[in-house]
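Asks: Attaching a single structure in structure tokens format; questions to follow.
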Amino acid sequence: MKSLPDQFEMAAEYGEAGQPEKAAAILETALIYHPKNPSVMNNLAIAYNRAGQPQKAHSLLLKVTQMDTNNLPAHIALAASCQELGLNAEALAYAEKAIHLAPTIAQPHLAKASVLLATSRDAEALAELRTALACDPRNAQIEIEMGDVCLRNLDQPGEALKHYRQATQLDPASVEAHVRLADVLIRVRDLPGAQKAMADLRKLAPTDTALAALEDRIRNLMNR
């Protein structure tokens, strides 16, 4: 019989490995022995959300909020499960309650930004991401998300470029940030910049699957 901390650790490892179903199975066992433990319930709900089972997450999280109306992780996870269920008004309400509970933490703002993006309120989502970044200014992933919104939703490649550059500076080991940076440099036809970004990416992740496609695009750009 594993201890609860061991079960949390195992579930987290499965979650990080992209196997939320296995994480959920472990936490379901933990819930049998700890049926009113909000940490178990919240972590299980997160695993359900990641495993594409938002209805299970939603039901479980409602029980948490009945026990504790100010449970921050539950409100954040409820925003996600409601969004997946198409309950966007409820999702936004839960995200806003989470912001009320913890206005200086990035996660509630990220939850609200996600709901705003799902309802095509892109400019508002970007503003919420800016607030999240102010709460966690060293978070490269937020910079990447801001770049994605600028590039894909608002057709602002120049702004996206700034965010991707900042992401690579905050986290030089982020393959995702370097891929995004190379991509947008090719889009704006900055050949020297793209070549430099590709050189950095090759050093960082020489076997990354995105390399071949990016190299083809650079060759096409050089031949124009």
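Asks: List pairs: first in region 184-203 and over 11 Å from Arg217 (Cβ atoms), second part of a helix (DSSP H, G or I) and small (Gly, Ala, Ser), Cβ under 7 Å, 6+ apart or cross-chain?
Replies: Between residues of region 184-203 that are over 11 Å from Arg217 (Cβ atoms) and residues that are part of a helix (DSSP H, G or I) and small (Gly, Ala, Ser), the close pairs are Val184/Ala160; Ala197/Ala182; Leu201/Ala182.
Asks: Now, a different point. Just checking, does region 84-94 include any residue being under 18 Å from the mean Cα position of the chain (by Cα), in the same structural domain as Gly18 (by TED's automatic domain parsing) and crowded, with 23+ Cβ neighbours inside 10 Å?
Replies: yes
Asks: On the basis of being among the basic types (Lys, Arg), out of contact with any Gly (no Cβ under 9 Å at 6 or more places or on another chain) and farther than 19 Å from Pro38 by Cβ, does Lys112 make the cut?
Replies: On the way: among the basic types (Lys, Arg): yes; out of contact with any Gly (no Cβ under 9 Å at 6 or more places or on another chain): yes; farther than 19 Å from Pro38 by Cβ: yes.
Criteria met by Lys112.
Asks: Can you name every residue in region 64-83 that is among the hydroxyl-bearing types (Ser, Thr, Tyr) and within 18 Å of the chain's Cα centre (by Cα)?
Replies: Pass one, region 64-83, residues among the hydroxyl-bearing types (Ser, Thr, Tyr): 65, 69, 81.
Passing the criteria: only Ser81.
Asks: Quick one: is Val40 touching a Pro at 6+ places or on another chain (Cβ under 6 Å) and either of a type in the set (A, V, I, L, M, F, W, C) or outside the structural domain of Ala98 (by TED's automatic domain parsing) (or both)? First the steps, then the outcome.
Replies: Values: touching a Pro at 6+ places or on another chain (Cβ under 6 Å): no; either of a type in the set (A, V, I, L, M, F, W, C) or outside the structural domain of Ala98 (by TED's automatic domain parsing) (or both): yes.
Spelling it out, it is not the case that Val40 is touching a Pro at 6+ places or on another chain (Cβ under 6 Å) and either of a type in the set (A, V, I, L, M, F, W, C) or outside the structural domain of Ala98 (by TED's automatic domain parsing) (or both).
Yes/no per residue for (1) in a helix (DSSP H, G or I); (2) under 20 Å from Leu110 (Cα atoms):
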{"site": "Glu128", "(1), (2)": "yes, yes"}
{"site": "Pro137", "(1), (2)": "no, yes"}
{"site": "Met146", "(1), (2)": "yes, yes"}
{"site": "Lys162", "(1), (2)": "yes, yes"}
{"site": "Ala177", "(1), (2)": "yes, yes"}
{"site": "Gly193", "(1), (2)": "yes, no"}
{"site": "Leu211", "(1), (2)": "yes, no"}
{"site": "Asn220", "(1), (2)": "yes, no"}
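Asks: Check every one of the helices (runs of 4 or more DSSP H) wholly within region 1-110 and list those with 1 or more residues that are among the hydrophobic types (A, V, I, L, M, F, W, C), over 19 Å from Leu129 (Cα atoms) and touching a residue at least 12 places away in the same chain (Cβ under 8 Å). Spell out how you get there, then give the answer.
Replies: On the way: elements: 4-16, 20-33, 38-50, 54-67, 72-84, 88-101.
Here the list reads 4-16, 20-33, 38-50, 54-67, 72-84.
Asks: It is to be established whether one or more residues within region 119-129 are of a type in the set (S, T, N, Q), over 15 Å from Arg180 (Cβ atoms) and surrounded by fewer than 17 Cβ atoms within 10 Å (Cβ to Cβ).
Replies: Quick first cut of region 119-129, residues of a type in the set (S, T, N, Q) only: 119-120.
After this cut, where a residue has to be over 15 Å from Arg180 (Cβ atoms) as well, the list is 119-120.
Checking the rest, the ones that are also surrounded by fewer than 17 Cβ atoms within 10 Å (Cβ to Cβ) come to 119-120.
Yes; the residues of region 119-129 include at least one that is of a type in the set (S, T, N, Q), over 15 Å from Arg180 (Cβ atoms) and surrounded by fewer than 17 Cβ atoms within 10 Å (Cβ to Cβ).
Asks: Please determine whether any residue of region 107-117 is touching a Leu at 6+ places or on another chain (Cβ under 9 Å), outside the structural domain of Leu78 (by TED's automatic domain parsing) and of a type in the set (Lys, Arg).
Replies: No: region 107-117 contains no residue that is touching a Leu at 6+ places or on another chain (Cβ under 9 Å), outside the structural domain of Leu78 (by TED's automatic domain parsing) and of a type in the set (Lys, Arg).
Asks: From Ala113, Ala80, Ala95, which residue is in contact with a Lys or Arg (Cβ under 6 Å, 6 or more places away or on another chain) and at pLDDT 95 or above? Full working, then the answer.
Replies: Working: Ala113 fails: in contact with a Lys or Arg (Cβ under 6 Å, 6 or more places away or on another chain); Ala80 fails: in contact with a Lys or Arg (Cβ under 6 Å, 6 or more places away or on another chain).
One residue alone meets the criteria, Ala95.
Asks: Let me ask you something else. Please indicate, with yes or no, whether at least one residue in region 67-74 is within 28 Å of Ala125 (Cβ to Cβ) and surrounded by fewer than 14 Cβ atoms within 10 Å (Cβ to Cβ).
Replies: The answer is yes; a qualifying residue exists.
The values are calculated or read from the model by the stated rules, or taken from the named source; none is laboratory data. Model, not experiment: these values are computed from the prediction. Cβ coordinates were reconstructed from backbone atoms using ideal geometry, including for glycine residues, and neighbour counts include every protein chain displayed.
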